[in-house]
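Encoded as structure tokens, the structure appears first; notes follow it.
The values are calculated or read from the model by the stated rules, or taken from the named source; none is laboratory data. Please read these numbers as outputs of a predicted model, since none were measured by experiment. Neighbour counts are summed over all protein chains in view; Cβ atoms, including those assigned to glycine, are modelled from backbone coordinates with ideal geometry.
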Amino acid sequence: MNPRTERHIRLVTSVVIASAVAGLTYALIQGYSTVASIATAIGHGVAISLTLSIFEVFVQTGAARDWVRRLPFTVSFLLRSAIYAAVILAVQVAFIKIRSGSIGPDRPPEFWNAAAFSAIASIAVNFVVEISNLLGRRTFSNFLTGRYHNPVEENRFVLFVDIVGSTSLAERLGGIGIHRFLDRTFRVLTESVVDYRGEVLDYVGDELIVTWSEAVGAVDCRPLRCFLAMRAALKKAAPRFEREFGAAPRIRGSLNFGSVIIGEIGDIKRAIVFNGDVMNTASRLEQLSREADGGFLASAAAIARLGAASSAMTRGLGRVPIRGRVDGIDVFGLAAGGGS
């Protein structure tokens, strides 16, 4: 299944389940005792959630996507909440009309009680969705489950992606201009991250760090294909960047694999961080990629874990000296045709 479609299905499924639980909770609070009344309350919640989920998917995939994403958190939250309220009232009216044929004088208490509960539940779900979008869904999920509350050791692929020439471009565009340029560039790049089931670990200046678990990344050379897809996406978007900024972004990168320590850190502001030699080596390989043909270097450890399928996309470059390694490390570059 297409990863973007799968992502949307997961969103819809999560919201529908949460709404069904909310509908059941409302039925119990109101003292509904028959199967039919409980089923109606649950159906009410599911109908609202399906409508709102379709709206969310439309926002994430439709023409309004970029406009909505540029809104501040509070504005986006209030706008969505207003739309949620309108949908809830419409569904309320529809359900009452279906059940009784009218919303006469005996119906307002039922109407407003259900509407108030639905509004609170929907706004709560909306808030969770907004926070999830702000932090990243996997990061948010990891915080909720406490997966990395205590540090753990995992084998990970780590991809460092650097924007070429951003320093000189910043001098021409200025601070605000280069920020907008990087923001647009990262938005294009993260579409490939989603397509290849990666996880955005961090944005550091003009650098994007992506990671995969060992099991996920080893499938079909996803980290390598992701980097190549990023370049293809930037090439496709180049005319738009040229019109707006007078320059099109180019990238270089590095890939490493090995054991990293992952855990929550900090007090006032908590974060999930990756530490270890794998991260340091990936960063240093990215620096060396500036001089490499094709602008990309991968460690032998990463290529070995990706398996034979990676041989068609890479070529051995031998051993290179690298800070922190007395004997250097064996590296691979992109095969002919894979460069920028």
Flag if residue 219 is within 17 Å of residue 303 (Cβ to Cβ) and without any contact (Cβ under 8 Å) to a residue 40 or more places away in the chain: yes
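One line per residue, one yes/no per condition, for (1) part of a strand (DSSP E or B); (2) polar (S, T, N, Q); (3) free of Cβ contacts under 8 Å to residues at least 40 places away in the same chain:
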position: 154; (1), (2), (3): yes, no, no
position: 157; (1), (2), (3): yes, no, no
position: 167; (1), (2), (3): no, yes, yes
position: 171; (1), (2), (3): no, no, yes
position: 175; (1), (2), (3): no, no, yes
position: 190; (1), (2), (3): no, yes, yes
Verdict on residue 279 being closer than 23 Å to residue 163 by Cβ, surrounded by 13 or more Cβ atoms within 10 Å (Cβ to Cβ), within 23 Å of the chain's Cα centre (by Cα) and touching a residue at least 60 places away in the same chain (Cβ under 8 Å): yes
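Would it be correct to say that residue 305 is among the charged types (D, E, K, R), outside any loop (DSSP other than H, G, I, E, B), more than 18 Å from residue 162 (Cα to Cα) and over 28 Å from the mean Cα position of the chain (by Cα)? Quick ask: steps written out before the conclusion?
On the way: among the charged types (D, E, K, R): yes; outside any loop (DSSP other than H, G, I, E, B): yes; more than 18 Å from residue 162 (Cα to Cα): yes; over 28 Å from the mean Cα position of the chain (by Cα): no.
When the stated conditions are applied, residue 305 does not pass them.
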Given (1) in a helix (DSSP H, G or I); (2) at pLDDT 95 or above, number of the condition residue 210 does not satisfy: (1)
Count - residues of segment 220-272 that are surrounded by 19 or more Cβ atoms within 10 Å (Cβ to Cβ) and in a strand (DSSP E or B): 11
Hits in segment 36-70 - residues which are among the aliphatic types (A, V, I, L, M) and at pLDDT 70 or above: 36, 38, 39, 41, 42, 46, 47, 48, 50, 52, 54
Segment 197-207: number of residues that are under 13 Å from the mean Cα position of the chain (by Cα) and in contact (Cβ under 8 Å) with a residue 12 or more places away in the chain: 6
Given (1) of a type in the set (D, E, K, R); (2) surrounded by fewer than 20 Cβ atoms within 10 Å (Cβ to Cβ); (3) touching a strand residue (DSSP E or B) at 6+ places or on another chain (Cβ under 9 Å), number of the condition residue 286 does not satisfy: (2)
Failed condition for residue 233, given (1) of a type outside the set (Phe, Trp, Tyr); (2) under 19 Å from residue 212 (Cα atoms); (3) within 22 Å of the chain's Cα centre (by Cα): (2)
Single unsatisfied condition, residue 186 versus (1) in contact with a helix residue (DSSP H, G or I) (Cβ under 9 Å, 6 or more places away or on another chain); (2) surrounded by 17 or more Cβ atoms within 10 Å (Cβ to Cβ): (1)
Tally of residues being more than 27 Å from residue 218 (Cβ to Cβ), surrounded by fewer than 22 Cβ atoms within 10 Å (Cβ to Cβ) and touching a strand residue (DSSP E or B) at 6+ places or on another chain (Cβ under 8 Å) across segment 151-181: 1
